[in-house]
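See below for the structure under consideration.
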Amino acid sequence: MSASTSGRVLKGIPASPGIAIGRAFVLSSDSPSVEPEVLNVQDIPSEVARFRTALDATTIELMNAIELARKESSTVISIIESYLLIASDPMMTTSIIDRIQAGFSAESAVLNEFDVHKTILYGAKDPLLRERVQDFEHVMERIIAALRNRTLSHELAGDSVVVSGSITPQDMLFFRQLHTLGYVTEIGGINSHSCILARDFGIPAVIGIRNATEIISSGSIVIVDGFAGIVIVDPESETLNEYISKHREAAEYRERLGALVGQPTRTTDGVELVLKANVDSPDQVDAAIMAGCQGIGLVRTEMLLVRWGRYPTIDEQVAWYRDIAERAYPLPVTFRAFDVGSDKFREGIPHHEENPALGLRGIRFLLYRPDIFQNQILAILRTSANRNVRFMLPMISTLEELEHAKDMIEECKLQLARDGVDFDRSMPLGVMVETPAAALMAPIFASRVDFLSIGTNDLAQYTLATDRTNELVADIFDAMHPAVVRLISMTVKAAHAAGVVVSVCGEMAGHAAATEMLVGIGIHELSVSPPLLLELKHRIRSVSHGDCLDLVKRIEECNTTTEVYAVLGSLKSWREGGDTSV
Amino acid sequence: MITTTVIVANRAGVHTRPAAMLVKLAAPAAMLVKLAAKCKSDIYLIRDGFNINAKSIIGVMTLAAEQGCELGLLAEGADETEAVAAITELFSTGFGEQL
């Protein structure tokens, strides 16, 4: 490689964050031939024995891998255990031996047997099930390799970037022992086992680069950018230097916050909170999961309208919702119904409103246009089948609105049941508490839904009768105003009394100064944008619930926003540090 | 011989093994097969007239049993009573998924 070679940038999918710089080690895939090889009758018994030996070798290899995994990762154990179950499936063994006895070579018997099962899975409705074809392929490849007496030359892969068609979790475990720097693969989903392991192990990975094993040659310098999802082959020295410093920064960042990813969101005295992420698009889900969120607390579905510039059809909605719910599964995802008003999206709103914030928005608009609302309910219900989906109603201010919406949801369920369409019959339903009316009536709402979620910005705007974008009055707007804090407190008490979960998904959830107050008030869940997750977790892990309770008692005595900040500020001063900016 | 029916209660169904779930839960299909393999009896799951050997992971996966579907359960052998009880419990508790 000469310095004059200009770098080639390959675009893929970011699968595990981080930067890796090293020499490529290319594992060329040799896909086994599918030509049926026919045996002579006298060779059949030895062929059966050859298959049994290979199967035993595969089983032993997998059991050894599990042993190795015990020291490494519990994730990998369950993955390899399922391979072991496939390799020792009595039905499969019998069927392969039958094929050999019909005169086929062990290789073609194995290939044909797995092909049958792969075909069945490919035809499955559920894409998660279709992905399991990969499991069959991994096991099949191991058996074929054993039949051919070959093992991967793992020993060559140390201290390099592995480039391969796909990587099995087992391979990954061995590579990890050899301090592999990064992974580049041609295929694989971001939630494939290998990618999960790469993230667990903190090894940068980029997947989905077509023909990577042909484009990249062993020994060339490659940069794996697991943040941007790109691979640079034979980079220019300028690019290389840039990445060397990025690499250092990434390592420092990971050290600082990355260590918290797998840690519980727990106060120093053991009170646990649930930390979720707000997202506007499917790719943000991946970032949120990488940062260790425990669910998606808010999907702003009106982003679909922005994207399409119109109301999308049921099928278009289902595709988008499903993408999000599948990426997050088994974590729960809360979809909020279209929260539109004439200030955000005019279509479907009959005339100009003098006062959009007090006009036809949120649930009011949805009930005004039942055709649009019904389509969205049907799309959400269809998404809920076999996934962990919740539905949330925006801007509720009267009980009639909630009851009306619930009736519509019930009608949609009946319609889907009649049509034989699957959905989650017990999909949880919640309401946003964003108006003083909803906060004051929280006990009655809490008794009729599965969860409450407080939208702090709107609650402050409506409580203080202040448009925060109007600079003449903007200084009145503050979610820390005692009136707003009291309404939040009332809502939380109502939720506790009714035994339902209450969350905050507004800006306040991510506000550094508000964390202790929200913990003290008794919020169960906080939902913030993905980049804020780890910092918020860090803050929660550094406070004690007891101190937060004392703090809230003092805040409850405050009469002005300034006094509230003084209390929060004093807390800051006796526990040093902490950023009070948003 | 004992025959009964079980309902798939968990959202994931018994067939899938969503990758992200691995950290927290063993795969429903793997849980079922491991339990069945411990029993001495022959155990079959029945769907739409198809009999699937519950000790075969491939069979259980290709059964494609989703949430809400009803499966026949048949056990025959020395420990058939215990086998049916244990498998019924696994289904009714949703394979450990939060119901």
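The values are calculated or read from the model by the stated rules, or taken from the named source; none is laboratory data. Just so you know, these numbers come straight off a predicted model, no measurement behind them. Reconstructed Cβ throughout: ideal geometry from the backbone, glycine too, with neighbour counts over all protein chains shown.
Of all the residues in the stretch B:52-63, those that are within 7 Å of chain A (Cβ to nearest Cβ) and aliphatic (A, V, I, L, M) number 3. Scanning for something at the interface with another protein chain (Cβ under 9 Å from one of its Cβ atoms) and among the β-branched types (Val, Ile, Thr), does the stretch B:34-51 turn up at least one residue? Checked against the condition, which is being at the interface with another protein chain (Cβ under 9 Å from one of its Cβ atoms) and among the β-branched types (Val, Ile, Thr), the stretch B:34-51 yields no hits at all. Residue pairs, Cβ under 9 Å, 6 or more apart or interchain, first in the stretch A:456-467 and within 15 Å of A:His511 (Cα to Cα), second of a type in the set (D, E, K, R) and modelled with pLDDT of 90 or more. List them. So the pair list comes out as A:Thr456/A:Glu434; A:Asn457/A:Glu434. Just one of (1) more than 21 Å from A:Val543 (Cβ to Cβ); (2) in a helix (DSSP H, G or I) fails for A:Asp478. It is (2).
Being part of a loop (DSSP other than H, G, I, E, B) and more than 14 Å from chain A (Cβ to nearest Cβ) is the filter; apply it to the stretch B:64-82 and report the residue that is surrounded by the fewest Cβ atoms within 10 Å (Cβ to Cβ).
Result: B:Ala78.
Of all the residues in the stretch A:1-28, those that are polar (S, T, N, Q) and either at pLDDT 80 or above or surrounded by 13 or more Cβ atoms within 10 Å (Cβ to Cβ) (or both) number 2. Residues that are basic (Lys, Arg) and modelled with pLDDT of 80 or more within the stretch A:181-230 comprise just one, A:Arg210. On the basis of being in a helix (DSSP H, G or I), closer than 30 Å to A:Ala291 by Cα, within 7 Å of chain A (Cβ to nearest Cβ) and modelled with pLDDT under 80, does B:Ala20 make the cut? So B:Ala20 passes the test. When we screen A:Ala460, A:Ala439 for residues that are assigned by TED's automatic domain parsing to the domain that holds A:Thr398, outside any strand (DSSP E or B), surrounded by 21 or more Cβ atoms within 10 Å (Cβ to Cβ) and in contact with an Asp or Glu (Cβ under 7 Å, 6 or more places away or on another chain), the only hit is A:Ala460. Among the residues of the stretch A:363-403, the ones that are more than 19 Å from A:Asp450 (Cα to Cα) and more than 14 Å from chain B (Cβ to nearest Cβ) come to 15 in all. If we scan the stretch A:518-527, do we find a residue that is among the hydroxyl-bearing types (Ser, Thr, Tyr), in contact with a Gly (Cβ under 7 Å, 6 or more places away or on another chain) and surrounded by 24 or more Cβ atoms within 10 Å (Cβ to Cβ)? There is at least one residue in the stretch A:518-527 that is among the hydroxyl-bearing types (Ser, Thr, Tyr), in contact with a Gly (Cβ under 7 Å, 6 or more places away or on another chain) and surrounded by 24 or more Cβ atoms within 10 Å (Cβ to Cβ).
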